[in-house]
Structure formats: structure tokens, C-alpha cells
1. Could you check the simple spin-label distance between residue 11 and residue 260, using points 7 Å along Cα→Cβ, in nm with one decimal?
2. Would you grab the residues whose amide H sits under 5 Å from the one on residue 164? Only those 5+ places off in sequence or on another chain, please, with H modelled 1.01 Å from N.
3. May I ask you to compute the full-extension gain from residue 203 to residue 272, defined as 0.36 nm times their residue separation minus their alpha-carbon distance, rounded to one decimal in nm?
4. Please report the projected area of segment 161-251's Cα convex hull averaged over all directions, in nm².
5. Round to a whole angstrom and tell me the spacing of the C-alpha centers of segment 203-225 and segment 29-91.
6. Taking the solvent-accessible surface of protein heavy atoms with a 1.4 Å probe, what is the per residue accessible area of segment 10-112 in Å²?
7. What does the charge count around residue 107 come to, taking other residues whose C-beta lies under 15 Å from its C-beta (Lys +1, Arg +1, Asp -1, Glu -1)?
8. Can you list residues from other chains, or at least 5 along the same chain, whose modelled amide H is less than 5 Å from the amide H of residue 30?
Amino acid sequence: MRISTTIFLTDETITPVRLARELEERGFGGLYLPEHTHIPVERTTPYPAGGELPPEYGRTLDPFVALGQAAAVTSQLGLGTGITLVAQHDPIDLAKQIATLDHLSGGRFTLGLGFGWNREEAADHGVEWTTRRELTQDRMALMRALWAAEPTPYKGEFGSVRASYAYPKPLSGPRTLIGGAAGPKLFAHIADYADGWLPIGGRGLSQSLPVLRDVWSAAGRDPEKLQVIPYAVLPTPGKLAHYAELGVEEVVLQLPPAGEAEVLRVLDEFGQYV
């Protein structure tokens, strides 16, 4: 099983360069980074995990800049987002960022994407909350038109692009995973335009995974190609063994948003799973 990691990298934590080098030297499979452009102080959206919103949410490094640093000092480490808030981006700019990072890293990038939970953050980007899923799907289609081998136009409900020269092209696709809670809408999106699912915490997979597999197969997708990667997991040997029994081939473990000494201590603990 491939053991990857995720962390809220901020201006107060271990640096991307130091962490990436340590992960590769220790044999970890990948580094996934979250995204929040900003957290409005005057907000009404509750924190999904309950309680006060942790301060690192308002201090996150830009994932593409940080992953670019990580790519420059490694050669094997997988690089991913967990997750990119696609609806909050200009899709033409985002397509270029993704293609450039995947090209420069030798095809090591995974696009983890999601629909977000903070209404105020999304509103500042001009996102209409009730249509954010459809907007994300539309922007993914537009980006794929730019990544196509030949100049390809796209006209959708929310955006369009002329047939264009747009290089570099992503080397790996890129692999696309959608994060979010199990449900009919999420599973329909995964089957329609993604390669798999990033279930946060990995709970309830015994019940939800068969449902997703049915939706995937009904959409005409190859059952062997579905990827399910439990995300932000706090590991135990029993938990990872359970995932293995379900056919999971990669797990993303949660690192603390801390300084170098604390992060390296946790990596020492997680080393037993690599």
C-alpha cells in the first residue's frame, strides 16, 4: 500500500522543501496540500468538524507554489492537492498551473478537487453556492479542452474557450480525484469526470464503496480503474489492514500543522506504515 501524507503548510510550519526531502528519503509516496485563498473574519458557515475553525485555515500556503518547490527537490515523490477549489479559480489560468506543475515534475501531479464548505470564501470569488458543483464540472471540461492534443474549443453553461494553442500539456492526465462526503451527487460527479474518490477520514467505506462501484459501473467505467484513496487519515495498523481488504492501494495520512521538530517526530511514528 502506498502511504502518502497531507498537511496544512503555513507561514509558521515546516517548509515545503524540508518536508518534501524528508518524505522522499523516508519512502513516503506523496504529499497532498489543501487550499484556502482566505477566510473571511465575518463568516456564518460552521466549521464542518465542529468547534472553532483552526487558525491554519487562514494561513495556508498556495498549494501550487508550495508543490512547485517540493517538485524541484524531489524526483519520485507524488504531488497533489487535497483539495483544489476549482470553482474559485479562473479555469484558463488553473489549467496552465496544473499543466506546468505536472510537466515540470515529470507527471507526478494528482488533482484532488472539491466543492468547498465555506460559503463566505466562495462568495468573495463570485461563486453562487447552489451551482458550485455544476460550475466545477463545467470548468473541468473547459480545462480538459485546453489539455487536449489538438486545439479544441469548449462552450459550456458557465464559460467558454476558443480552440487554442496551450502548452505544456499535462504528462499524467492528470489523475483527478474528488473529495467529499458519500452521496448520490458526489458519486455521479466521480463517475462522470474523475478517476476516483478522496473520502476524508475514510469512515464507512464498507458501506459506501459498493454503492460507488455500482454507480461507476452503471456509467460504463472500467471497474478496475476506480481509485479510492482515504484522505487525512489518523492511522492504526487495524485501520490500514481494513483498507487493504477493501482493495485500497493508497492512503493519505494527516500530519500536524506544526514546526519542523514536531512534523519529523510524527513522520518517525508513521514510518512503521511505509
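1. It works out to 2.0 nm between the two label points.
2. Long-range HN contacts for residue 164: 152.
3. Extending this stretch completely gives an extra 22.7 nm.
4. Value for segment 161-251: 7.5 nm².
5. 27 Å
6. I get 43 Å² per residue for this part.
7. Working: positive: 108, 169, 175; negative: 102, 195.
Within the 15 Å Cβ shell, the charges total +1.
8. Distant-sequence amide H within range of residue 30: 4, 5, 78.
The values are calculated or read from the model by the stated rules, or taken from the named source; none is laboratory data. Everything numeric in this text was worked out from a predicted model, so none of it was measured. Neighbour counts run over all protein chains shown; Cβ positions are idealised from the backbone, glycine included. We work out accessible area using only protein heavy atoms, side chains counted, and drop any ligands, DNA or RNA first. Shrake-Rupley method; radii C 1.70, N 1.55, O 1.52, S 1.80 Å.
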